[in-house]
Structure formats: C-alpha cells, structure tokens
Amino acid sequence: MAKVLVVTSGKGGVGKTTSTAALGAALAQRKQKVVVVDFDVGLRNLDLIMGAERRVVYDLIDVVQGEAKLAQALIRDKRLDNLSLLPASQTKDKDALTADGVAKVVGELREQFDWVICDSPAGIERGATLAMRHADVAVIVTNPEVSSVRDSDRIIGLLDSKTEKAEKGERIEKKLLLTRYDPARAARAEMLKIEDVLEILSIPLLGVIPESQEVLRASNLGTPVTLASPQSAPARAYAEAARRLGGETVTMSVISDKKSLFGRFFSRRAA
Amino acid sequence: MNLINLFRKKGSAPVARDRLQILLAHERTSTGRSDLVDRLREEILEVIKKHVAVDSDKVRVKMERGEAVSTLDIDIEIPTAISGKPDLATAAAKLAEMARTPEKAKATDKKSAAA
Ligand SMILES: Nc1ncnc2c1ncn2[C@@H]1O[C@H](COP(=O)(O)OP(=O)(O)O)[C@@H](O)[C@H]1O
Ligand SMILES: [Mg+2]
C-alpha cells in the first residue's frame, strides 16, 4: 500500500528539500516506486536539486486545475527509472492550490507509486498545511538550534490537528530528522545534543544527518546527495534513514566524515 | 577579554535547552499541543487488548476543543463475534475510570451499543 510522507519543519532553510531529494533517491534505489512532489509554489527548488529544472513543462497547479494530465507533468528521473518528480509552479498564484485539487492528485499518485514524498514550504500557513494534509508519515526536519526546534514543535501541533488522519482521530506517524548536526560542536556543548532535541520534541528519531560540504556539492550538480557521493557521511545517513522508513531496524549512529586533524593533514599531503 | 570571562566561557547549549523547555511548556498549553490524545490512545488500546483482540487502528481518539469544556471522543471497533462476552464490561469499566480527566469524556462502543 502506498505511503504518503510529508517532509516539513516550520522554519525555512533547515534541509527539507535536500532531505526530500535524498530520501526519495535512496528509497528508489531500494526498488521502491517513488514520486517527490514540490509543494513550495512560487519558490520551487526541488526540480533544481533533482537536476530536472530544464525538463519542467507542466506542474502541480496545472494538474490541479485540469490544464494537464498527471502523466504529462510527471518527470521521470534520468538516473533512476522508478523515481519521478512532480514540480511546483514558479509563477502561478498559490491560491490555485485547492484542498480538493490536492486530494485528487495525491489520490492518483497513491495508485501509481509506493511512496509519495511531499516537500513542504516553510511556515505554518496554508501551503504547509496542504502539503501535510494527506500524509500517513511526517518527517520533521530540525536543526539543533533554538528557533528550528521551536518551529518543529508548532508543526507537530499542526500535524496532530490539521491532517486528515488527525481529524479522523487516527494517528499520524511522526519522525524526527535532525540535520546539519555537528558532533564536535555538540560535544563541546556549543550545540544542542541529539538527546536534548529528542527530549524536548519527544518524537522518535529517524536519523541524524551531519553538517557536510557534500550537500552543497550535490546541489551544485543537481543530484540528490545519496547519488552524488554515496560514500559521504550525509549520503550514508540518508540511506540509513530510508531503510528505517522502509521498516528495517538499523542501529542509530552519528555518521561523520570529519577526519581528525592528523588525518586531514595526512590526506592533504598524500593527495 | 578578561581572565574571568575566559574561565567562565562554557558551552551555551545547556542554556538553549533550558530556555526551550520553559518556552515550549508554556506554548503547548496555549496552543493545545499535548500528547494526551496519543497517550490515551495507547493506554486504551492496552486495556482493550487484555480482553479482546483489537487492531491498533480501530481505536480512534479525538479531542474537540470547546471554550468551556472539551469533549473526548473515543471510538473503538471490536469484532462482533466476541463483543457479547462479559469481559467487555470489565474493559468498559476500566476505560471509564481512565477517562476521568478534566475534559468531559464520552466513550462510544458502536458495536456493543447496537447489540
Ligand atoms: N547536512 C547539511 N550540511 C550542510 N549544508 C546543508 C545540509 N542540509 C542542508 N544544507 C544546506 O542548507 C540550505 C537549505 O537547505 P534546503 O534543503 O533548501 O532547506 P529547506 O528546503 O528546508 O528550505 C541549502 O543551502 C543546503 O545546501
Ligand atoms: Mg525547500
């Protein structure tokens, strides 16, 4: 049965789009049929992170308004056969995204894919609530930083009240994805620790993605980080998170590619 | 920088944690986020499971917030074949006891009410 997953956070710039692309690609590599859907109308970016910006013809709003068929708007990934993108509109009015229209499109996607991953816009307004509306699972992307944690708490409140599942009195699965984590700074008590964030938000942990330069490199290339540098720390962390989403139990660890000072010096000399 | 500052400079993360804990405890009471509903659902499920086999998604708990009172709507679907068993009365009694929260509780058991 298809699962609808929303990647959400409240705060902007914490890594939702990066995570949508990376988790989508990782699940697709595990032979799942995946579609990533950009709900960030007006500020679409998922196409760029996925490297499909020049292939966008129709978008989510065209489909909602009946201007295009779903099949015409879906963009098949060039690297992974079973990964598709439904882009957002850059120019159209956000209000064109109606609740009924979204329900219909998500319903159709459920029939064609195993995973429907919705990349939420920032904020707690209509765009964000529409993105989470039909979700079975929510991945709450949080940085170890006060404003991000506070906004995540607000979003958890919305997930428990504004989603279809919540309204039916059912439970929406919520999972924390802690991103841009720097274990060294956390060890020096300069940054909130994983346990701190878990204790405050009290939802289960899906994974910890370390702060890494590989993320910027992947976005420069227009390739999800799980494909751009599969051996890098963030890629491995995302791959493990994807396995957990698939129901596997994977021991939690903080994957880091920070070399020791000696290691770094040594590898530079060796290069 | 003077010497005192140099020695006093500790990590700021514990301050962040404490501030967040205080702030969010306050914000949750005003915006209504609490895990009460989640906790109730889990505990209710446990009680029911002691007596009848029930699917976890067949227990629905909903909180309707009103100005003066809120209502708690509990809806449990139980296979008809066993809903006549006396054990169910015990389960219902335990439930009623559990539901004694400040909110007005209303437990509905569709199947047994119909029977
Ligand atoms: N683990 C990470 N390490 C380093 N930079 C990251 C990481 N995750 C995200 N970023 C960077 O943070 C910025 C915001 O990420 P993005 O995914 O667009 O966030 P959002 O969709 O939540 O607004 C981007 O510049 C991205 O490259
Ligand atoms: Mg984004």
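The values are calculated or read from the model by the stated rules, or taken from the named source; none is laboratory data. Everything numeric here is computed off the predicted structure, so don't read it as measured data. Heads up, the Cβs are rebuilt from the backbone with ideal geometry, glycines too, and the neighbour counts pull from every protein chain shown.
Take A:R44 and tell me if it is within 12 Å of ligand 1 (Cβ to nearest atom), farther than 20 Å from A:G207 by Cα and among the basic types (K, R).
When the stated conditions are applied, A:R44 passes them.
Checking the structure you have, find out if any residue of segment A:9-25 is within 13 Å of ligand 2 (Cβ to nearest atom), part of a loop (DSSP other than H, G, I, E, B) and of a type in the set (A, V, I, L, M).
Let us first name the residues in segment A:9-25 that are within 13 Å of ligand 2 (Cβ to nearest atom), namely A:9-22.
So of that shortlist, the ones also part of a loop (DSSP other than H, G, I, E, B) come out as A:9-15.
From the residues that got through so far, the ones that are of a type in the set (A, V, I, L, M) too are A:14.
Within segment A:9-25, one or more residues are within 13 Å of ligand 2 (Cβ to nearest atom), part of a loop (DSSP other than H, G, I, E, B) and of a type in the set (A, V, I, L, M).
Pairs under 9 Å by beta carbon, first residue within 7 Å of chain A (Cβ to nearest Cβ) in segment B:10-35, partner part of a helix (DSSP H, G or I) and modelled with pLDDT under 85, six or more apart or different chains?
Close Cβ pairs (under 9 Å, with a partner that is part of a helix (DSSP H, G or I) and modelled with pLDDT under 85) amount to B:R33/B:E27.
Going through segment A:185-214 one residue at a time, which ones are touching a Ser or Thr at 6+ places or on another chain (Cβ under 8 Å) and more than 13 Å from ligand 1 (Cβ to nearest atom)?
Hits for segment A:185-214 are A:A189, A:E190, A:V197, A:L201.
Residues in segment A:87-104: is at least one within 16 Å of ligand 1 (Cβ to nearest atom) and in contact with a helix residue (DSSP H, G or I) (Cβ under 7 Å, 6 or more places away or on another chain)?
Looking through segment A:87-104, at least one residue is within 16 Å of ligand 1 (Cβ to nearest atom) and in contact with a helix residue (DSSP H, G or I) (Cβ under 7 Å, 6 or more places away or on another chain).
Test A:A131 against the stated conditions and say whether it is buried (at least 19 other Cβ atoms within 10 Å of the Cβ), within 15 Å of the chain's Cα centre (by Cα) and away from ligand 2 (no atom under 16 Å from the Cβ). Walk me through it before giving the result.
Details: buried (at least 19 other Cβ atoms within 10 Å of the Cβ): yes; within 15 Å of the chain's Cα centre (by Cα): yes; away from ligand 2 (no atom under 16 Å from the Cβ): no.
So A:A131 does not fit the description; no.
Could you identify the single residue in A:L85, A:L80 that is at pLDDT 95 or above and assigned to a strand (DSSP E or B)?
Working: A:L80 fails: assigned to a strand (DSSP E or B).
On inspection, the qualifying residue turns out to be A:L85.
What number of residues within segment A:47-67 satisfy the criterion of being outside any helix (DSSP H, G or I), more than 16 Å from ligand 1 (Cβ to nearest atom) and crowded, with 17+ Cβ neighbours inside 10 Å?
Looking only at that region, the number is 3.
Mind checking which pairs have a first residue in segment A:132-158 that is away from chain B (no Cβ under 11 Å) and free of Cβ contacts under 8 Å to residues at least 60 places away in the same chain and a second that is outside any helix (DSSP H, G or I) and of a type outside the set (D, E), Cβ under 7 Å, 6 or more apart or different chains?
Partner pairs satisfying both residue conditions: A:R133/A:T163.
For A:A52, which of the numbered conditions (1) under 19 Å from A:S19 (Cβ atoms); (2) out of contact with any Leu (no Cβ under 6 Å at 6 or more places or on another chain); (3) of a type in the set (A, V, I, L, M); (4) at pLDDT 95 or above fails to hold?
Looking at each condition in turn, A:A52 falls short on (2).
Whether any residue in segment A:174-193 is under 29 Å from A:V102 (Cβ atoms), among the aliphatic types (A, V, I, L, M) and at the interface with another protein chain (Cβ under 10 Å from one of its Cβ atoms) is what I want to check.
The first filter runs over segment A:174-193 and keeps only residues under 29 Å from A:V102 (Cβ atoms), leaving A:174-179.
With among the aliphatic types (A, V, I, L, M) added as a condition, the list becomes A:176-178.
Next, from what is left, pick out any that are at the interface with another protein chain (Cβ under 10 Å from one of its Cβ atoms): none.
No, segment A:174-193 has no match at all.
Please go through (1) within 16 Å of ligand 2 (Cβ to nearest atom); (2) surrounded by fewer than 21 Cβ atoms within 10 Å (Cβ to Cβ); (3) within 14 Å of chain B (Cβ to nearest Cβ) for A:L43 and return the number of the only condition it doesn't satisfy.
So the condition that A:L43 fails would be (3).
All but one of (1) touching a strand residue (DSSP E or B) at 6+ places or on another chain (Cβ under 7 Å); (2) more than 23 Å from A:R217 (Cα to Cα) hold for A:R126, so report the exception by its number.
(1)
Got a sec? Which of A:D114, A:D38 is more than 16 Å from ligand 2 (Cβ to nearest atom) and out of contact with any Gly (no Cβ under 9 Å at 6 or more places or on another chain)?
A:D114
Search segment A:1-27 for residues being near ligand 1 (Cβ under 7 Å from one of its atoms) and touching a Lys or Arg at 6+ places or on another chain (Cβ under 7 Å), and hand back the single one that is farthest from the other protein chains (Cβ to nearest Cβ).
A:G15
Out of the residues in segment A:209-244 meeting the condition of being more than 16 Å from ligand 2 (Cβ to nearest atom), crowded, with 24+ Cβ neighbours inside 10 Å and among the aliphatic types (A, V, I, L, M), tell me which one is farthest from the other protein chains (Cβ to nearest Cβ).
The residue in question is A:A235.
Would you point out the residue of segment A:28-40, among those that are within 13 Å of ligand 1 (Cβ to nearest atom) and either within 14 Å of chain B (Cβ to nearest Cβ) or assigned to a strand (DSSP E or B) (or both), that is farthest from A:L80 (Cα to Cα)?
A:D38
What's the number of the only condition in (1) surrounded by 13 or more Cβ atoms within 10 Å (Cβ to Cβ); (2) assigned to a helix (DSSP H, G or I) that A:A71 fails to meet?
The one condition A:A71 does not meet is (1).
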